[in-house]
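This report concerns only the one structure given below.
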Amino acid sequence: MKKIVFFDIDGTLVDFSGAIPESTVAALKMARRNGHKTFICTGRSRSQMPEELKILEFDGYVAAAGAYVECSGKEIFHHHMPVEDARKVWEFCRKENLVYMVQTKDEVLMEPDSRERFIGMLQERWNQSREEVEKNISSEAESTPIAEKIEQIEKFCYHECRYTVGETRRILGGHFDVTRMSFDKPDDFSGEITCRGVHKAFGMQKVLDYYGVDRKDCIAFGDGPNDFEMIEFAGTGVAMGNAVPELKETANAVTDAVLEDGIWNAMVKLKLIEDQKGES
């Protein structure tokens, strides 16, 4: 039986510097040649897909943590936060003076102060110059006023909150899910805010319904806090060797780290591809 395989991006397909292992590229190409469908399943918006992944010709995308779903080049689902909910989260972010960004399908929006603080935060975290950091975020952070896009918001991401993720969830109330941000070192004061019930597994179900495939025939690879639903939902959930400990406990299997051929090794064990590393 051919499978549908879902992949997180950061910490799964690529490391947090953006490097994608050659073995991962080879595994993805071989899996598609073998008749399996491959999907990116990410917290990123559709506009944030790295060019090096786009050229690998995935069968589709689950983006914005399930808010956007695309199959075979066709948009099949797109969820926006209700305007009242989006305004509530936006007001919370401004009131708490957070470093935050707003995701829509076509762009990621940051207010000038947030962008400056975000650059400084990444300089310290990645030990990079301002110029290096700006290269990585310049194509993502647009200066369009958030108010002009309030009806198009899919999710919020924030950093440097004084409240834990759990406390933020309680403050915002029952309309929202708040999960820890998937960074190389996730902390409890950075998070992603989506509408309750909109998560990666929600988007995956849309894909399975579209193709008429049972969930037992889907496989998911992930590493971070926003991957729990997808790993639990999949017929086979695989945690990367560099995954957070809680995800490893949830997964059906744990493979090697992203830069240690984790994707290749797991796909060989799952018989999605043959062990012929080096061929593409």
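The values are calculated or read from the model by the stated rules, or taken from the named source; none is laboratory data. Here the structure is a predicted model, which is why all the values come from computation and not from measurement. We place every Cβ from the backbone using ideal geometry, glycine too, and count neighbours over all the protein chains shown.
Looking at Phe58, Phe92, Phe77, can you tell me which residue is hydrophobic (A, V, I, L, M, F, W, C), within 30 Å of Val268 (Cβ to Cβ) and out of contact with any Pro (no Cβ under 9 Å at 6 or more places or on another chain)?
Working: Phe92 fails: within 30 Å of Val268 (Cβ to Cβ); Phe77 fails: within 30 Å of Val268 (Cβ to Cβ).
When all the criteria are applied, what remains is Phe58.
Enumerate the pairs (first residue in segment 64-81 and more than 20 Å from Glu229 (Cα to Cα) and free of Cβ contacts under 8 Å to residues at least 40 places away in the same chain; second residue anywhere and of a type in the set (Phe, Trp, Tyr) and surrounded by 19 or more Cβ atoms within 10 Å (Cβ to Cβ)) with beta-carbon separation below 8 Å, excluding pairs fewer than 6 apart on the same chain, so at least 6 apart or on different chains.
Pairs that qualify, where the first residue is more than 20 Å from Glu229 (Cα to Cα) and free of Cβ contacts under 8 Å to residues at least 40 places away in the same chain and the partner is of a type in the set (Phe, Trp, Tyr) and surrounded by 19 or more Cβ atoms within 10 Å (Cβ to Cβ), are Glu75/Tyr68.
Just give me the residues in segment 33-55 being touching a residue at least 60 places away in the same chain (Cβ under 8 Å), in a helix (DSSP H, G or I) and not hydroxyl-bearing (Ser, Thr, Tyr), in sequence order.
Within segment 33-55, Arg46, Gln48 qualify.
I'm checking my understanding of the structure. Among residues of segment 155-189 that are over 22 Å from Tyr68 (Cα atoms) and hydroxyl-bearing (Ser, Thr, Tyr), which one is farthest from the chain's Cα centre (by Cα)? Walk me through it before giving the result.
Quick first cut of segment 155-189, residues over 22 Å from Tyr68 (Cα atoms) only: 159-173, 184-189.
Right, trim to hydroxyl-bearing (Ser, Thr, Tyr) and you get 163-164, 168.
Working: Tyr163: 23, Thr164: 21, Thr168: 20 Å.
So the residue we want is Tyr163.
State whether the residues of segment 17-38 include one that is under 25 Å from Thr194 (Cα atoms) and either among the charged types (D, E, K, R) or crowded, with 17+ Cβ neighbours inside 10 Å (or both).
Here is the first cut: in segment 17-38, the ones under 25 Å from Thr194 (Cα atoms) are 18, 38.
With either among the charged types (D, E, K, R) or crowded, with 17+ Cβ neighbours inside 10 Å (or both) added as a condition, the list becomes 38.
Checking segment 17-38: at least one residue is under 25 Å from Thr194 (Cα atoms) and either among the charged types (D, E, K, R) or crowded, with 17+ Cβ neighbours inside 10 Å (or both).
How many of the residues in segment 252-264 are more than 11 Å from Phe221 (Cα to Cα) and in contact (Cβ under 8 Å) with a residue 40 or more places away in the chain?
Residues of segment 252-264 more than 11 Å from Phe221 (Cα to Cα): 256-257, 259-261, 264.
Remaining after also requiring in contact (Cβ under 8 Å) with a residue 40 or more places away in the chain: 259, 261, 264.
Of the residues in segment 252-264, 3 are more than 11 Å from Phe221 (Cα to Cα) and in contact (Cβ under 8 Å) with a residue 40 or more places away in the chain.
What number of residues within segment 3-42 satisfy the criterion of being modelled with pLDDT of 95 or more, under 24 Å from Arg215 (Cα atoms) and not β-branched (Val, Ile, Thr)?
18
Which members of segment 231-249 meet the condition of being closer than 17 Å to Val14 by Cβ and of a type outside the set (Val, Ile, Thr)?
Ala239, Met240, Gly241, Asn242, Ala243
So if I check each of Glu75, Glu91, which one is surrounded by fewer than 20 Cβ atoms within 10 Å (Cβ to Cβ), at pLDDT 95 or above and assigned by TED's automatic domain parsing to the domain that holds Leu172?
Numbers: Glu75 fails: assigned by TED's automatic domain parsing to the domain that holds Leu172.
Answer to the selection: Glu91.
Can you find a residue that is farther than 21 Å from Phe77 by Cβ and in contact with a Pro (Cβ under 7 Å, 6 or more places away or on another chain) anywhere in segment 199-219?
No - not one qualifying residue is present in segment 199-219.
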